[in-house]
Each structure stands twice: as C-alpha cells, then as structure tokens.
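Undergrad: Supplied in structure tokens, the structure appears directly below.
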Amino acid sequence: MRPITISAENARIDPGNPRWSAPVAAGPVLAVIVPTFNERANVPELIKRLDAALAGVAWEVIFVDDDSPDLTADAVRAAAQRDSRVRCLQRLGRRGLSSACIEGMLASAAPFLAVMDGDLQHDERLLPAMLETLRSDGLDIVVGSRYVAGGGTEGLDASRLRISRLATRLGRRFVPETLTDSMSGFFMLRREVLPEVARELSGVGFKILLDIFASSKRPLRFRELPYEFRPRHAGESKLDSQVAWEYAMLLLDKLVGRYVPVRFIAFSIVGGFGMVLHLLILTVAYQGIGMEFVTGQVVATGIAMTFNYAVNNALTYRDRRLKGWGWVRGWVSFVVSCSIGAFANVGIAAWLFSRQYEWVLAAIAGILVGAVWNYAVTFVYTWNKPRRA
Ligand code: GDD
Ligand code: MN
C-alpha cells in the first residue's frame, strides 16, 4: 500500500497559526490542467515557471495524477501545502492522458482552462498571450501550434515527427481544415465550451484536442499561436506503440461510437485473432502431431482464451489494466465467463441448426451471441473494478 500523505506540520491545531484563519479569496481566472504520470522531478520547476509566466493573473494549477509509482501526487501535495494555487487530483486504478485532462477541467471553476504537459515541453510563456487572445477576440479555444510560422518541433526527433504528421493526416476529417496542429496537447478554452462537449468526448488515449473539436456540435472559433516544442525536462515519455492503437480507437469512436461501443469493436477484433490462433493450434495438434481431437480442442481453447485475455487486458482495457495477482484473478473470471459464453454459442447454433437454418447462419448467430455475452460479462466482472495503477 502506497501512503497518501500530507504534511502533519500544518495539520496541527494551533489557533496562533495564521493558516487556521486564512482569508476567503475569490476563485482563479485561469486554471492550468497538467496530466502527470511519473513526473515528480518536473513538478517544482513547472510551478516555478508558471509563477513567473503568469505574474498578474489569478491562476491555479491542477495536476491530475494517475497514482504514479514515483509518487508525483505526493510532490504536488507537498507543493500545495506551501502554495494554495496548487491542487492535486489523484486518480486510483485509472490511466489515460485525455480522461485526466477532462476530469481536471471539470474540477475547476475558472472561466479559462488551459491544458499543458507536465514535462515542460510546452512553453508556459505562451499562456498570457493565449489568455489575452481568448479574452479579447471572442474565441472558444486557442491552440499552441508547432506548425504555424514561428513555431517549431525541436523536441521531436525525425521518426516522432513523421508519426505525428501521419496521425495529423489521419485525423483531418474530424477537425477544421485550417487547424495545423490537431495533435497538440497545449491549448486554452473558455469554460462555456466544456459543458457543450463534455458528454460527447471519447476520453480515449492521448489526443484530447482532436476529441474536443470532433465532439463539438458547432464549429469552434479558434486561433493558433506558435510555440517551440521543447525537449523534455526530466523523466521519460509515456508514448509507446499502444498509443497508436488508442488513437485508432479514438478515431473509430468518433466514426461509429454513436452506434456501437468502440470497446466492443476492439474486443471483437481481438476475438477474431483469437479464433485464427485457435484454428492454427488445433491444426498443429490434431493434424500435425496426431493429438486426440478433444484434447487438441481443449489445448487450443485454453491458449486462445489466454491470448484473448492478455491482449484485451493490454489494449482494449489498457486504461484499467490488471497486474500481478489482479491479472491472475482477472484470467480466472475471464475463462469462466467465456466458457459460459461458449456454451451459449453452441446452444444457440445447435438450436437454430435443428430448426433447419443454414449451418453458416446458425454458426454466425452463435458466435454473435457468444461475443456479446463475453464482452458484457467480462466488462462487468473482469475489468470493471477500480484498482491501483
Ligand atoms: N494522468 C496521466 N495519465 N497523465 C499522463 C498519462 C496517463 O496515463 N500518460 C501521459 N501522461 C502525461 C505525462 O506525464 C505528461 O505530463 C503528458 O501527459 C504528456 O506525456 P508525454 O509522455 O510527455 O507525451 P509526449 O511528449 O510524447 O506527447 C505530448 O506531445 C504530443 C505532441 O507531439 C503530449 O502533449 C501530447 O498530448 C501531444 O499531442
Ligand atoms: Mn512530453
């Protein structure tokens, strides 16, 4: 168990301590939302730079931390004990940059909301200009862009730049044509925009800005301001190959999410691969090495189920990934659920077949019923409990 600590020093009852009678102050004008995962070493520096950049502005910063193992949240709370403009939102058993930003924005009452990374790659000195532009020009959102004149990508190597460009191209149909940097994670919006889009947001993966533009029912009035994307200050990037999968899920959700839950699509894609794997193993076991058909079938089922479970855990449910003993417990509940699903599948197919339905149709109906069952039951029993990251 990792402790959730606050300094005892200020918690001691001491009527003489002026902190026990702090004056009531009006809320901030600007909230800076900073999603963090293992950014402990960057926290003090970021606060220092915000303080310098935002002199004269009533601001607050909300760090949304997903229970980072490096105890980023403790570092934030330590800073918050010294500075009431600093706040910590610690989420347990959850992961995700976009959803962290959404919850951070919802946690603030400020009329202007900015989102920026916690690793100092985004230039905090742009914030006053963003605020000024947003205030004076009747805009909904101001975006920090690496691709308008004056902006740059010093902090990206050639391969990251290529991937970013490709992702931008793939996302084009969801954002206004004139938006140059839809992959930006650095922007500021008026709080009125939030309730308009909040319930439509997918909240999947890294690309919250694209999500906002794609979720808005009306065209958002925006402007881009250039900034230089700097190299990371301390720590490591969390971008890995699974981020590509999450991006695909975000785009898919924007396309068909209204009709089918995107997790179900992901679950079914994984299931399709599992089925191919099953047939391959069965072929090798039964045809290749002459195992009994039933034994081969049992072996293939076991391996395919474990494969499905592991891949769904890593991709479909990446935001609630099970680890350690949780992984083992999850595997048991997955296997039990899917075994019942397999009976339902066979039962429905056999019943339809006995009623003179075409065998292919009967089989497909069985597979569909089995898939929906497996998805629904494992959603509730295997992946629905909050847990530690
Ligand atoms: N709460 C939370 N949960 N925060 C996260 C998570 C998560 O699962 N994953 C990453 N973060 C935080 C990081 O700690 C960091 O503050 C910020 O999100 C960006 O993560 P990086 O790992 O630094 O990502 P990057 O530098 O590769 O990507 C950034 O640049 C892209 C543009 O190329 C992000 O700003 C993207 O949003 C941006 O599009
Ligand atoms: Mn970064």
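The values are calculated or read from the model by the stated rules, or taken from the named source; none is laboratory data. Treat the numbers as computed from the prediction; the structure is a model and nothing was measured. Using ideal geometry, Cβ is built from the backbone for each residue, glycine included, and neighbour counts are taken over all protein chains shown.
Undergrad: Based on this model, can you work out whether L139 counts as at pLDDT 95 or above and within 10 Å of ligand 1 (Cβ to nearest atom)?
TA: Taking the combined requirement at face value, the residue does not satisfy it.
Undergrad: Considering E236, E246, which residue is within 16 Å of ligand 1 (Cβ to nearest atom), touching a residue at least 40 places away in the same chain (Cβ under 8 Å) and either among the β-branched types (V, I, T) or over 21 Å from L201 (Cβ atoms) (or both)?
TA: Only one candidate qualifies: E236.
Undergrad: Moving on to the next point. Check whether at least one residue in the stretch 29-38 is more than 25 Å from A109 (Cβ to Cβ) and modelled with pLDDT of 85 or more, and report yes or no.
TA: Within the stretch 29-38, one or more residues are more than 25 Å from A109 (Cβ to Cβ) and modelled with pLDDT of 85 or more.
Undergrad: Across the stretch 79-106, which residue is nearest to the chain's Cα centre (by Cα) among those that are without any contact (Cβ under 8 Å) to a residue 60 or more places away in the chain and surrounded by fewer than 18 Cβ atoms within 10 Å (Cβ to Cβ)?
TA: D83
Undergrad: List pairs: first residue in the stretch 326-351 and over 15 Å from T306 (Cα atoms), second residue of a type outside the set (A, V, I, L, M) and loosely packed, with under 13 Cβ neighbours inside 10 Å anywhere in the structure, Cβ distance under 9 angstrom, at least six positions apart or on different chains.
TA: A349/W359
Undergrad: Look through R95, R125 and report the one residue that is modelled with pLDDT under 95 and at negative phi.
TA: Exactly one of R95, R125 is modelled with pLDDT under 95 and at negative phi, namely R95.
Undergrad: Further question: Test I281 against the stated conditions and say whether it is in contact with a Leu (Cβ under 7 Å, 6 or more places away or on another chain), touching a residue at least 12 places away in the same chain (Cβ under 8 Å) and away from ligand 2 (no atom under 16 Å from the Cβ).
TA: Values: in contact with a Leu (Cβ under 7 Å, 6 or more places away or on another chain): no; touching a residue at least 12 places away in the same chain (Cβ under 8 Å): yes; away from ligand 2 (no atom under 16 Å from the Cβ): yes.
Spelling it out, it is not the case that I281 is in contact with a Leu (Cβ under 7 Å, 6 or more places away or on another chain), touching a residue at least 12 places away in the same chain (Cβ under 8 Å) and away from ligand 2 (no atom under 16 Å from the Cβ).
Undergrad: Report yes if L71 is within 16 Å of ligand 1 (Cβ to nearest atom), within 22 Å of the chain's Cα centre (by Cα), surrounded by fewer than 18 Cβ atoms within 10 Å (Cβ to Cβ) and of a type outside the set (K, R), otherwise no.
TA: Answer is no for this residue.
Undergrad: For D211, are the conditions met, namely being away from ligand 2 (no atom under 16 Å from the Cβ), surrounded by 19 or more Cβ atoms within 10 Å (Cβ to Cβ) and not in a strand (DSSP E or B)? Break it down into steps so the answer makes sense when it comes.
TA: On the way: away from ligand 2 (no atom under 16 Å from the Cβ): yes; surrounded by 19 or more Cβ atoms within 10 Å (Cβ to Cβ): yes; not in a strand (DSSP E or B): yes.
Yes.
Undergrad: A follow-up question, please. Mind checking which pairs have a first residue in the stretch 115-129 that is farther than 17 Å from S182 by Cα and a second that is within 6 Å of ligand 1 (Cβ to nearest atom), Cβ under 7 Å, 6 or more apart or different chains?
TA: Going by the 7 Å Cβ cut-off, the qualifying pairs are G118/P35; G118/T36; G118/E39; D119/E39.
Undergrad: Looking at the stretch 5-17, can you tell me whether even one residue there is of a type in the set (G, A, S) and either modelled with pLDDT of 95 or more or touching a Pro at 6+ places or on another chain (Cβ under 8 Å) (or both)?
TA: No, because not a single residue in the stretch 5-17 is of a type in the set (G, A, S) and either modelled with pLDDT of 95 or more or touching a Pro at 6+ places or on another chain (Cβ under 8 Å) (or both).
Undergrad: Now a separate question. Just give me the residues in the stretch 17-71 being of a type in the set (A, V, I, L, M) and touching a Cys at 6+ places or on another chain (Cβ under 8 Å), in sequence order.
TA: I33, I62, V64 - these are the residues of the stretch 17-71 that are of a type in the set (A, V, I, L, M) and touching a Cys at 6+ places or on another chain (Cβ under 8 Å).
Undergrad: What number of residues within the stretch 96-134 satisfy the criterion of being assigned to a loop (DSSP other than H, G, I, E, B) and either within 16 Å of ligand 2 (Cβ to nearest atom) or polar (S, T, N, Q) (or both)? Show your work before the answer.
TA: First, the residues of the stretch 96-134 that are assigned to a loop (DSSP other than H, G, I, E, B): 96, 107-111, 116-123.
Checking which are either within 16 Å of ligand 2 (Cβ to nearest atom) or polar (S, T, N, Q) (or both) leaves us with 96, 108, 116-123.
Result for the stretch 96-134: 10.
Undergrad: Separate question: Do the conditions hold for V57, that is, is it part of a loop (DSSP other than H, G, I, E, B) and either over 20 Å from L106 (Cβ atoms) or within 16 Å of ligand 1 (Cβ to nearest atom) (or both)?
TA: So V57 passes the test.
Undergrad: Could I ask something else about it? Is there a residue in the stretch 151-159 that is within 14 Å of ligand 2 (Cβ to nearest atom), hydrophobic (A, V, I, L, M, F, W, C) and in contact (Cβ under 8 Å) with a residue 24 or more places away in the chain? Show your work before the answer.
TA: Residues of the stretch 151-159 within 14 Å of ligand 2 (Cβ to nearest atom): 153-157.
Next, from what is left, pick out any that are hydrophobic (A, V, I, L, M, F, W, C): 156.
In the following step, the residues that additionally are in contact (Cβ under 8 Å) with a residue 24 or more places away in the chain were identified as 156.
Yes, the stretch 151-159 contains at least one residue that is within 14 Å of ligand 2 (Cβ to nearest atom), hydrophobic (A, V, I, L, M, F, W, C) and in contact (Cβ under 8 Å) with a residue 24 or more places away in the chain.
Undergrad: Quick one: count up the residues across the stretch 214-240 that are of a type outside the set (K, R) and either within 19 Å of T36 (Cα to Cα) or within 16 Å of ligand 2 (Cβ to nearest atom) (or both).
TA: Counting residues in the stretch 214-240 that are of a type outside the set (K, R) and either within 19 Å of T36 (Cα to Cα) or within 16 Å of ligand 2 (Cβ to nearest atom) (or both) gives 11.
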